[in-house]
1. Of all residues in the range 95-109 being in a helix (DSSP H, G or I) and loosely packed, with under 12 Cβ neighbours inside 10 Å, which is nearest to the chain's Cα centre (by Cα)?
2. Without any contact (Cβ under 8 Å) to a residue 12 or more places away in the chain and either under 30 Å from residue 129 (Cα atoms) or hydroxyl-bearing (Ser, Thr, Tyr) (or both), is that true of residue 90?
3. Which numbered condition in (1) closer than 30 Å to residue 11 by Cα; (2) surrounded by 12 or more Cβ atoms within 10 Å (Cβ to Cβ); (3) modelled with pLDDT of 95 or more is the only one that residue 73 fails?
4. Checking the conditions here, which among 79, 113, 104 is in contact with a His (Cβ under 8 Å, 6 or more places away or on another chain) and without any contact (Cβ under 8 Å) to a residue 60 or more places away in the chain?
5. Quick one: count up the residues across the range 137-161 that are among the β-branched types (Val, Ile, Thr) and loosely packed, with under 14 Cβ neighbours inside 10 Å.
6. How about the range 29-53: which of its residues are surrounded by 14 or more Cβ atoms within 10 Å (Cβ to Cβ) and without any contact (Cβ under 8 Å) to a residue 24 or more places away in the chain?
7. Quick check on this structure: which one of 68, 20 is outside any helix (DSSP H, G or I), within 29 Å of residue 109 (Cβ to Cβ), under 18 Å from the mean Cα position of the chain (by Cα) and not β-branched (Val, Ile, Thr)?
Amino acid sequence: MNGQHNPMSKTEELLEKAFAGESKANRTYMAFAEKAEEEGYTQAARLFRAASEAEAVHARNHLLAMKALKDTKENLREAIAGETHEFKEMYPSMIEVAKEEGNAAALRSFRYANGVEEIHARLYHDMMESLESKESYPYYVCPVCGMTVGREPPERCPVCGAKGSLFKRVE
């Protein structure tokens, strides 16, 4: 490498854009499914979940085409870098804008995410250190803010205060 920046090809830019769009659709349709379930529209919820799964397939295909999946150690390094960028640079500036504009819902959402991204970076770092360990345990995710912890949920979420009994177990 001679230190020059290699610009992305148009196809690479399109893959990035398509990946972002499919990823957004995946999460949006899952939220739509939850809302449909709450309202008693079971079949609509099923359709949204099915479409969400299809969008996840599309996103993964785009990720593969971008050659963005590396070995686990490299993926962990990338995850640490991404989470660190989010909690050190991205979310603090978003928090300031939400404060200035008086948008309480956005401020709460940004603060929750910011607090959790630092935890994620630490979890990924710890995983790098113990990758060869055969220890196995579940993770728990707060349904309110996304706080993530291994082994056992806390009594109360340290980020948002939600009850630990509400945490979702992830195997």
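The values are calculated or read from the model by the stated rules, or taken from the named source; none is laboratory data. Every value quoted in this text rests on a predicted model; they were computed, and no experiment measured them. Positions of Cβ are generated from backbone atoms using ideal geometry, with glycine treated the same way; all protein chains shown enter the neighbour counts.
1. 105
2. Numbers: without any contact (Cβ under 8 Å) to a residue 12 or more places away in the chain: yes; either under 30 Å from residue 129 (Cα atoms) or hydroxyl-bearing (Ser, Thr, Tyr) (or both): yes.
Yes: the conditions hold for residue 90.
3. (2)
4. Exactly one of 79, 113, 104 is in contact with a His (Cβ under 8 Å, 6 or more places away or on another chain) and without any contact (Cβ under 8 Å) to a residue 60 or more places away in the chain, namely 79.
5. 0
6. Within the range 29-53, 30, 32, 33, 36, 37, 41, 44, 45, 47, 48, 49 qualify.
7. Sole residue among the options that is outside any helix (DSSP H, G or I), within 29 Å of residue 109 (Cβ to Cβ), under 18 Å from the mean Cα position of the chain (by Cα) and not β-branched (Val, Ile, Thr): 68.
Residue-by-condition table, conditions (1) under 20 Å from the mean Cα position of the chain (by Cα); (2) assigned to a helix (DSSP H, G or I):
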| position | (1), (2) |
| --- | --- |
| 89 | yes, yes |
| 111 | yes, yes |
| 126 | yes, yes |
| 132 | no, no |
| 143 | yes, no |
| 159 | yes, no |
| 165 | no, yes |
| 169 | yes, no |
